[in-house]
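Here is the structure we will look at, set down as structure tokens.
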Amino acid sequence: MALADWFTLRSPLDIDGEGVRLRPYHASDYPEWAELRAASRAFLQPWEPTWPADDLTRTGFRRRMHAYQRDADLGVGFTFLVFRHSDGAMTGGISLSNVRRGVAMTGNVGYWSGQAFARQGHTLAAVRALSHFAFGRLGLHRLEAACVPENEASKTLLLRAGFAHEGRASAYLKINGKWRDHLLFGLVAPEVRTDVS
């Protein structure tokens, strides 16, 4: 089966994890998404790129959805919202971006959590579920993630999800309007992991 065939409307791209479900954005998600992002703005802004002026508008949301669908159609990115199993509440989002095949077989993991749901294990469960999807269904070899050095919660989450701290990159990403150093983390597919002393 071709990669694009996996992501048709007849085969929804939903991923179940421990206590959470990941699924692509739907137009009907806009009100809950906008409310969660707006309520979490001060909490999220130190760790994210500067938000566009129309970020929380329905137009901005549609633009996101179209970009995410295009990436999925091309097989280069997969973006999901995260929902809690117990009550269906939206807790945040997660993405696998910059998927590279050929000799790399890798992608970048990024995520966000609404402030009301932070440090409750939902994002950790989402990262683990996304990793399983990437190594299983997509057949990738390696995942990469990064966070600013001051983001202790993100560092801890990545280590708990099995990622290894691999180094530091200077002026790696433009976060909240400034080029920031990032700590780099990597996770290799379990069946090919090598532990070299």
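Tabulated data for the structure shown
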quantity	calculated
For the stretch 9-85, Kirkwood radius (reciprocal of mean inverse C-alpha pair distance, Å)	13.8 Å
Ala38/Arg101 FRET efficiency (R0 35 Å; Cβ-Cβ; nearest 0.05)	0.40
Over 30 Å [Cα-Cα, the chain], rounded percent	17 percent
HN-Hα J in Hz across the stretch 180-187 - Karplus 6.51, -1.76, 1.60, θ = phi - 60°, x for Gly and Pro	10, 5, 9, 7, 9, 10, x, 9
Calculated FRET efficiency for the pair Arg160/Arg62, C-beta based, R₀ 25 Å, to 0.05	0.10
R0 of 35 Å, Cβ-Cβ distance Val76-Ala116: FRET efficiency to nearest 0.05	0.65
Alpha carbon convex hull of the stretch 84-184, projected area averaged over orientations, nm²	7.2 nm²
Fraction of the pair-distance distribution of the stretch 54-97 above 11 Å, Cα-Cα pairs, percent	69 percent
For the stretch 110-127, 3J(HN,Hα) per residue [Karplus equation, 6.51 cos²θ - 1.76 cosθ + 1.60, θ = phi - 60°, Hz, x = Gly/Pro]	x, 7, 8, 10, x, 4, 5, 10, 5, 6, 10, x, 5, 6, 4, 4, 5, 5
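Every number here is computed from the coordinates shown, using simple stated rules; none is lab data. Fair warning: this is a prediction, and the values are worked out from it, not measured in the lab. Cβ coordinates were reconstructed from backbone atoms using ideal geometry, including for glycine residues, and neighbour counts include every protein chain displayed.
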